[in-house]
Amino acid sequence: MAKKTASASKPAKPASAPKKTAQATWGGRFSEGTAELMLRFSESVSFDKRLAPFDIQGSKAQSAMLAKVGIITARERDEIHAGLDQILKEIEAGKFEWKIELEDVHMNIEHALKQRVPAAAKLHTARSRNDQVATDMRLFFRDAAIRIHAALTALIAEIVEQAEKSQEVYIPGYTHLQRAQPVSVAHHLLAYAEMFGRDRERFAIFHDGANISPLGSGAIAGTTLPIDREFSAKHMGFVDEKGAARVTQNSMDAVADRDLFIEFASACALVGTHFSRVGEDLILWSSSEFGFAVMPDAFTTGSSLMPQKKNPDSLELLRGKAARLQGNLNTLFTLAKGLPLTYNRDLQEDKPPVFDSLDTTLICLDVLRETLAGMKLRPERCAAAVADPLLLATDLADYLVRQGVPFRDAHHLVGAAVALAEKTGTPLNKLPHAEMQKISPSYKADWVSVFDLPTAMRSRERTGMPGPKQVKAQIARWKKELAK
Ligand code: ARG
């Protein structure tokens, strides 16, 4: 800190000193340039440059449409396309020079194009950055939905594979984190497949909602030029199943709407909530107290102080990332709330939370998949936990129902047996038959047969239940579903 550099000792220019020349893109009515501080404050290229492939796709559609309606020539279109292709290559190779004084991805690319292709000056005809950014984001959202959908498919496939291997390992299922009824580990894991399956469906629906072209809405009120919105929509694949163009129906809504941003962040936040619940279950399972499973070394960490520790960090972070995903949703809700129609610069803040939700969701999906792939069950610990006869107390009530006892009474009669077991320190299934008879003559000689776990599981074979045949059928259903 004490070291003084030559430049640091020079009197500093005020950070907000305006540049002498006005900004090229809109500079016509300005006599002074943008302040340096304002440039740093307002630039978005540092984060929206990742939209470049979509921005270029949109510009190609725009120029193809301009040529189609005769606003530019076919030759100008081809020059623009070739220039854009070249720019994309440079961007992909990391050779493109992004400039913050050009503010955002749109102006950086257009500026670079103008330096190469004279016709570039015609590209922005009948287009505003308002419909341009809306178009870029819809292209981005389509791609993001496909990527998350694929990652969810891979995760569900892993869950199903783990379920296949754990059909005969039984554990207590919990309500209120108290032992409730026995389930197979497979049945428990398949509950996660259902959660992530709904997420997968949500992203498919989201993809359909994103698949509509806003291009041609202009800044707010379209254009007086004879554009063909359907043509540019088709060029970008914004079409229905029959190949008909899908375009937004109100130019003001098209540039002001941020519903998709909120829907995307919401779908990601919900995936995050699912991460957090799976994460929490597996953290419990890998504790000494539960001991149902051991997490892979590659996704756990040790302690710098306590040599015995193996911490389930990947799962804890999955639980933690859920907060971040919810935060992004909250940012977007707050950003859009109360904004007057149509575009307001506030909306530039819509991108960082969306990008973060995509990146966070994708990495979490991979981490959870790999953590699950490396998880090892401890069947002996599972067996010890599930041997608790109290887990079948409800089955005993069902037994009484089969003897004709109304369920409310049966519940009470089993409750009395549980109380006796607790009072005498006897396991429920070891209570003397005579004592059970005293509680109710409906406890016939075979009441104890209820406590055979395989029989108990085989008695739950209706749709959605944890019976072994049903679980097998669910695994088969998922495999078919994922192969579609
Ligand atoms: N970078 C801007 C954004 O992301 C693009 C739209 C700018 N439009 C404008 N009228 N300043 O919101």
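Hey, what did the chain get for relative contact order, percent, Cα under 8 Å, at least 6 apart? Spell out each step's value before the answer.
Numbers: 650 pairs, mean separation 66.1, N = 484.
Relative CO of the chain lands at 14 percent.
Which whole-number percent is the relative contact order of region 164-306 (Cα, under 8 Å, 6+ apart)? All intermediate terms of the calculation are to be shown ahead of the outcome.
Details: 127 pairs, mean separation 24.0, N = 143.
Once divided by the residue count of region 164-306, the mean separation gives 17 percent.
If I model a spin label at residue 111 and residue 387 as a point 7 Å from the Cα along the Cα→Cβ vector, what separation in nanometres do I get?
The answer from the label model is 7.4 nm.
In whole Å and largest first, what semi-axes does the C-alpha gyration tensor of region 104-215 yield when each eigenvalue is scaled by 5 and square-rooted? List each step's numbers first, then the result.
Numbers: eigenvalues 511, 36, 22 Å².
They are 51, 13, 11 Å, listed largest first.
Roughly how many Å² of residue 68 are accessible to a 1.4 Å probe, to the nearest 10?
Counting only protein heavy atoms, the figure is 120 Å².
Using the crude model of +1 on Lys and Arg Cβ and -1 on Asp and Glu Cβ, and no other charge, please compute the dipole size for region 193-275 relative to its Cα centre, in debye to 20. Numbers along the way, then the final one.
Working: 8 positive and 12 negative charges, 27 e Å.
Dipole magnitude for region 193-275 comes out near 140 debye.
Using a 1.4 Å probe and ignoring any ligands, DNA or RNA, find the accessible area of residue 54 and quote it in Å² to the nearest 10.
30 Å²
In nm, to one decimal, how far is the modelled label at residue 161 from the one at residue 224, with both set 7 Å along Cα→Cβ?
6.3 nm
Which lysines does residue 242 reach when only Cα atoms under 18 Å apart count, and residues fewer than 8 places away in its own chain are ignored?
234
Computed over the Cα atoms of region 268-420, what is the convex hull's projected area averaged over all directions, in nm²? Before the final figure, lay out each step's value.
Details: hull surface 65.5 nm².
Result: 16.4 nm².
Of all the C-alpha pairs in the chain, what % are more than 35 Å from each other? Please report the intermediate quantities before stating the final value.
Values: 61174 of 116886 pairs.
Within the chain, distances greater than 35 Å cover 52 percent of Cα pairs.
So if I restrict to the alpha-carbon atoms in region 172-224, what is the Rg, and what is Dmax, the biggest pairwise distance, in Å?
Cα radius of gyration and Dmax of region 172-224 are 22.4, 70 Å respectively.
I need the calculated FRET efficiency for the pair residue 311 and residue 289, taking r as the beta carbon distance and R₀ as 25 Å, to the nearest 0.05.
On the way: r = 15 Å, r/R0 = 0.60.
Given R0 = 25 Å and the Cβ-Cβ separation, E is 0.95.
Nearest 0.05, what FRET efficiency do residue 93 and residue 303 give at R0 = 30 Å with Cβ-Cβ as r?
Details: r = 44 Å, r/R0 = 1.45.
After rounding to 0.05, the efficiency reads 0.10.
Which of the peptides 290-298, 99-107 is most tightly packed, and how do the rest follow, judged by the mean count of other Cβ atoms within 10 Å per residue?
Working: 290-298: 17.2, 99-107: 20.4.
The packing order, highest mean first, is 99-107, 290-298.
Placing unit charges on C-beta atoms (Lys and Arg positive, Asp and Glu negative, everything else neutral), compute the dipole magnitude of the chain about its Cα centre in debye, rounded to 20.
With Lys and Arg at +1 and Asp and Glu at -1, about 460 debye.
Kindly state, to the nearest 0.05, the FRET efficiency for residue 177 paired with residue 253, given R0 = 35 Å and r defined as their beta-carbon distance.
Numbers: r = 47 Å, r/R0 = 1.34.
Rounded to the nearest 0.05, the efficiency is 0.15.
Out of all Cα-Cα pairs in region 18-141, roughly what percent, to the nearest whole number, are more than 18 Å apart? Each step should come with its number before you reach the end.
On the way: 4101 of 7626 pairs.
The share of Cα pairs beyond 18 Å in region 18-141 comes to 54 percent.
Beyond a 29 Å Cα-Cα separation, which of these cross-linked pairs lie in this structure: 423/444; 95/351; 49/321; 310/351; 60/99; 310/472? Write down the numbers at each step before the final one.
Values: 423/444 22 Å; 95/351 24 Å; 49/321 25 Å; 310/351 38 Å; 60/99 22 Å; 310/472 33 Å.
310/351; 310/472, as the Cα separations exceed 29 Å there.
Report the net charge of residues surrounding residue 443, where surrounding means a beta-carbon distance below 15 angstrom and charges are Lys +1, Arg +1, Asp -1, Glu -1. Don't skip to the end; give the middle numbers.
Values: positive: 402, 430, 438, 444; negative: 395, 398, 409, 435, 446.
That sum, taken over residues with Cβ under 15 Å, equals -1.
Considering only protein heavy atoms, with the full assembly of protein chains and a 1.4 angstrom probe, order 176, 111 by accessible area, largest first.
176, 111
Work from the charge dipole of the chain (Cβ charges, +1 for Lys and Arg, -1 for Asp and Glu, about the Cα centre) and give the residue of 382, 331, 64 farthest towards its positive end.
Toward the positive end, the furthest listed residue is 64.
Report the normalised scattering of region 182-301 as log10 I(q)/I(0) at q = 0.09, 0.12, 0.19, 0.24 Å⁻¹, calculated by the Debye formula with identical scatterers on the alpha carbons.
-0.47, -0.65, -1.05, -1.33
Just to confirm, what accessible area per residue do you get for region 275-424 at 1.4 Å probe, in whole Å²? Before the final figure, lay out the partial values.
Working: 7590 Å² over 150 residues.
Per residue, region 275-424 has an accessible area of 51 Å².
Ranked from the most accessible area to the least, with a 1.4 Å probe and all protein chains present, what is the order of 207, 274, 411?
On the way: 207 50, 274 15, 411 110 Å².
The ranking, largest first, comes out as 411, 207, 274.
The values are calculated or read from the model by the stated rules, or taken from the named source; none is laboratory data. As the structure is a computational prediction, the values presented were derived from the model and not from experiment. Every residue, glycine as well, gets a Cβ built from its backbone with ideal geometry; the counts of neighbours run over all protein chains shown. Accessible surface is based on the protein model in full, side chains and every heavy atom, while ligands, DNA and RNA are left aside. Shrake-Rupley method; radii C 1.70, N 1.55, O 1.52, S 1.80 Å.
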